[in-house]
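Inspection log for the structure reproduced underneath, given as structure tokens.
The values are calculated or read from the model by the stated rules, or taken from the named source; none is laboratory data. Bear in mind that the values here come from a model prediction, so they are computed numbers and not experimental data. Because the Cβ atoms are built from the backbone with ideal geometry, glycine has one as well, and the counts that use them run over all protein chains shown.
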């Protein structure tokens, strides 16, 4: 991988260790570049936005997506493959009565292929510990206040199962195209810490 | 030392800090750690479960996310006798 000029001790330690791995033939530079390329260029939340927009305009796609996301993603040119091991994606739908939110209490499991790299707060012990016991409070911290009678479902991801929220389509969007609808979706909406 | 990785429902971890427009990596070395781990798992030097186990048993709540990853990677590569 290309060198950087970060003088911090940890940056130096990482450079040294990487050099040792390369010298032992355990990794090679082009392989590292490829791994990073796949992560930063192909995996972005725009993928999730597209899936949501399609589900909003195509009821049959939506039904297939909720039933079996892994087999439905290829319809929009996406897949849950390419990760380090097979993962089942569950798409959970927000409704008038139910709001969904995703966490990984054990570590930081996240559908990177659809949402891109996870934000630091998602990986923080503060979020992971609190969203399961006080979800309503946590959502309020993110600026999302739900009616008292809305049921909140918290989904705990793991190595085999990943979750993505299908937000409710905002009102007043009947005239928007699929591409315009995709622009209305946010990363936090796909995690459940925002309405859309 | 007890392992407290399953933190669901525990109290006392402070506020949730949301960083606006957060980049995928905060420094280049974090990207290197990420790529290194993917390559090593891809080569079968260790698997994802072993990696998570290593993160859990070597992690410090005072360290950053990718610092903990780096510690786990070093630990596994050493334990498996590669360095």
Of (1) in contact with a helix residue (DSSP H, G or I) (Cβ under 9 Å, 6 or more places away or on another chain); (2) not in a loop (DSSP other than H, G, I, E, B), residue A:30 satisfies all except one. Which?
-> (1)
Before we move on, is residue B:40 surrounded by fewer than 15 Cβ atoms within 10 Å (Cβ to Cβ) and either modelled with pLDDT under 90 or at the interface with chain A (Cβ under 9 Å from one of its Cβ atoms) (or both)?
-> no
Could we say that residue A:183 is out of contact with any helix residue (DSSP H, G or I) (no Cβ under 8 Å at 6 or more places or on another chain) and either crowded, with 19+ Cβ neighbours inside 10 Å or in the same structural domain as residue A:50 (by TED's automatic domain parsing) (or both) here?
-> no
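For (1) crowded, with 19+ Cβ neighbours inside 10 Å; (2) closer than 24 Å to residue A:118 by Cα; (3) facing another protein chain (nearest Cβ under 10 Å); (4) modelled with pLDDT under 85, each residue gets a yes or a no:
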site: A:1; (1), (2), (3), (4): yes, yes, yes, yes
site: A:5; (1), (2), (3), (4): no, no, yes, yes
site: A:40; (1), (2), (3), (4): no, yes, yes, yes
site: A:48; (1), (2), (3), (4): yes, yes, no, no
Say whether the condition of being at the interface with chain A (Cβ under 9 Å from one of its Cβ atoms) and over 19 Å from residue A:120 (Cβ atoms) is met by at least one residue in the stretch B:59-72.
-> no
Would you check which residues across the stretch B:21-35 are more than 7 Å from chain A (Cβ to nearest Cβ) and assigned to a helix (DSSP H, G or I) and list them?
-> B:30
